[in-house]
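To start, the structure under review is shown below, and the notes come after it.
The values are calculated or read from the model by the stated rules, or taken from the named source; none is laboratory data. Treat the numbers as computed from the prediction; the structure is a model and nothing was measured. Cβ sites come from the backbone with ideal geometry, for glycine too, and all protein chains shown count toward neighbours.
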Amino acid sequence: MSNSVLRGWSEWPVCHFDELPDPGAKGFLVGDGEWPFRGFVVRKSQEVFAYANVCPHQRHPLDLLPDVFLTDDRESIRCSSHGALFDLTSGLCVFGPCVGHKLMQLESRIDSDRSVLVVAPASLRDAGPIIDGEFDTA
């Protein structure tokens, strides 16, 4: 059993795989109330990767405009606030003020109907590592 499931996080359908360009990204919002959880999924070839929509540098959302998570060449994830660049598949910061830190990666999978499912909390309040600043480092 994964750590996410042990924390009481749920698996959420966030989009259909075919909605994602290759490479491409799409934001999602799960849960409700005052503190819904915001994340995004990235497609690269036939794989998807999911992350919390929080930069490890200042904990800002990565996208200033909806679903604009990638650089113009679609080779990296970019934080719109400070220009940090992250690897698409690992979330590792490779340029900018948080080099060596990672985005909070979420478990994800593509089901038999090609829906993208992500394991995430129903509230940002339940996302301990984000709120506590416990981001992974390389």
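Note on the stretch 1-66: no enclosed strands (runs of 3 or more DSSP E) hold 2 or more residues that are modelled with pLDDT under 95 and of a type in the set (Phe, Trp, Tyr).
Scan the stretch 64-122 residue by residue and report those that are under 18 Å from TRP9 (Cβ atoms) and among the charged types (D, E, K, R). Passing the criteria: GLU107, ARG109, ASP111. Are any of the residues in the stretch 83-106 touching a residue at least 12 places away in the same chain (Cβ under 8 Å) and among the acidic types (Asp, Glu)? The answer is no; no qualifying residue exists. One residue alone among PRO36, PRO23, PRO97, PRO66 is touching a helix residue (DSSP H, G or I) at 6+ places or on another chain (Cβ under 8 Å) and surrounded by fewer than 21 Cβ atoms within 10 Å (Cβ to Cβ), and that residue is PRO36.
Taking first residues from the stretch 34-54 that are farther than 18 Å from PRO21 by Cβ and partners that are of a type in the set (Ser, Thr, Tyr) and in a loop (DSSP other than H, G, I, E, B), the Cβ contacts under 7 Å between residues at least 6 apart in sequence or on separate chains come to TRP35/SER123; PRO36/SER123; PHE37/SER123.
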